[in-house]
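Enquirer: If you scroll down you'll find the structure; I have some questions about it.
The values are calculated or read from the model by the stated rules, or taken from the named source; none is laboratory data. None of these values were measured; they are calculated from a predicted model. Each accessible area value is taken on the protein alone, full model and side chains, heavy atoms only, with ligands, DNA and RNA left out. Shrake-Rupley method; radii C 1.70, N 1.55, O 1.52, S 1.80 Å.
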Amino acid sequence: MRFWFDSEHAQRWGLPAAAVFAHIQYWVERNGHETGRPCVTQPVWQMQSYLPFLSEKQIRAALKKLVEAEALTRERNGFDAVYTYCLKGANGVPKRETPIVQKGHQEIDKRDICTYRNNKTEEKTNAREWERPNEEEVIEYLQEIGGSDLAHTLGPAFFNYYEANGWMVNGTPIAKWRPKARQWLTTERNRQSNERQKGFNPKGFTPEGLKDFIDNG
């Protein structure tokens, strides 16, 4: 399998961001601006399926870098956790020639990808441990660990709480936010379970309600 990216973009933003940017350009071109705007709505896990040499964390970091560099804009879709990314500025106009395989682009083969991943070790562990998540990352993580029913309410609450505190606890920066998010989910599950137990009254239950209580706690 062969992948393409703009070498100038790689020098400016790094290889992961250049590959992600080329991926978004490709889909904008392929969709033919169906919405009238150079935008793509695609979850990170789906981007990763097209860019197997990058992890989901690397793709999120690349998207964040591209937004900060004003090469892309990021827009919410109501309560949906998936963002819409739009090309912006002079670099955001894809050429109308061959999709992605554009003049002056550099080719990566599988051997280069393996070498890159081994050397990069997924963007330095220490840097990632101290990286602050965005709200989308928190929601996606809660969904991954079995909290899909609570992710859209608990995720924003978690993010807003620690964002307001500067991602610090007792004056110490939070190095790893995922264990804390997992703890929040466990605490909320226990709270809901305790509330159901406190409200248990067998006289007030129908047979169907009692069965549901037994099955779901």
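Enquirer: At 0.36 nm per residue, and after removing the present C-alpha to C-alpha distance, how many nm does the segment from GLU195 to ARG12 gain when stretched out fully? Mind showing how you got there, number by number?
Expert: On the way: separation 183, 0.36 × 183 = 65.88 nm, distance 5.36 nm.
Working it through step by step, the gained length comes to 60.5 nm.
Enquirer: In terms of modelled amide H atoms, which long-range or inter-chain residues lie less than 5 Å from the amide H of PHE3?
Expert: Sorted by chain and number, the residues that satisfy this are ILE108.
Enquirer: Using a 1.4 angstrom probe on the protein heavy atoms only, could you order ILE24, ILE145 from most to least accessible area?
Expert: Ranked from most to least accessible, the order is ILE145, ILE24.
Enquirer: Go through region 162-178 residue by residue and turn each phi into a ³J(HN,Hα) via Karplus (6.51, -1.76, 1.60, θ = phi - 60°); whole Hz please, and just put x for glycine and proline.
Expert: 3J(HN,Hα) across region 162-178, in whole Hz: 6, 5, 5, 8, x, 6, 10, 10, 6, x, 10, x, 7, 7, 10, 8, 4.
Enquirer: Right, another one. Which of the residue pairs LYS57/LYS88; LYS57/LYS180; LYS65/LYS180 have a Cα-Cα distance greater than 20 Å in the structure shown?
Expert: Details: LYS57/LYS88 23 Å; LYS57/LYS180 18 Å; LYS65/LYS180 25 Å.
In this structure, LYS57/LYS88; LYS65/LYS180 lie more than 20 Å apart at Cα.
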